[in-house]
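All remarks here apply to the structure that follows.
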Amino acid sequence: MSQGEVLELGRQAMLVGLQVALPILIAALIVGLIVSVFQAVTQIQEMTLQFIPKMIAVGLVVLFAGGWMLTQMVEFTVRVFTNLPPR
């Protein structure tokens, strides 16, 4: 493989990783902001109040989008292995 092919493969890997991680990160961000606003309004400073809703939101995202995430990773892996040069 040439240097350009390896760089393109790395770029594609990072793009797939970002696509797979983005739904989880967005869910955690939105829930974190909502809980932070709730804590600021009510002045409740409990650490578990921040942690538990995020875990539930991430679990729900993985439950509903997990199949799509797995499909994206499998398709990328198949593309990588089929494009490997023979030895």
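The values are calculated or read from the model by the stated rules, or taken from the named source; none is laboratory data. Source: prediction; values computed, not measured. Note that each Cβ is placed from the backbone with ideal geometry, even for glycine, and that neighbours are counted across all protein chains shown.
Any residue in the range 57-77 that is in contact (Cβ under 8 Å) with a residue 40 or more places away in the chain sitting within a Cβ distance under 8 Å of a residue that is among the aliphatic types (A, V, I, L, M)? List the pairs, counting only those 6 or more apart or interchain.
Sorted first by the residue in the range 57-77, then by its partner, the pairs are MET69/VAL20; MET69/VAL62; GLN72/VAL16; GLN72/VAL20; MET73/VAL16; MET73/VAL20; PHE76/ALA13; PHE76/VAL16.
Report whether or not VAL6 is assigned to a helix (DSSP H, G or I), touching a Pro at 6+ places or on another chain (Cβ under 6 Å) and among the β-branched types (Val, Ile, Thr). Spell out how you get there, then give the answer.
On the way: assigned to a helix (DSSP H, G or I): yes; touching a Pro at 6+ places or on another chain (Cβ under 6 Å): no; among the β-branched types (Val, Ile, Thr): yes.
Here the answer is no, as VAL6 does not meet what is asked.
Of the residues in the range 30-87, how many are modelled with pLDDT under 90, assigned to a helix (DSSP H, G or I) and within 26 Å of GLU5 (Cα to Cα)?
Number of matching residues: 0.
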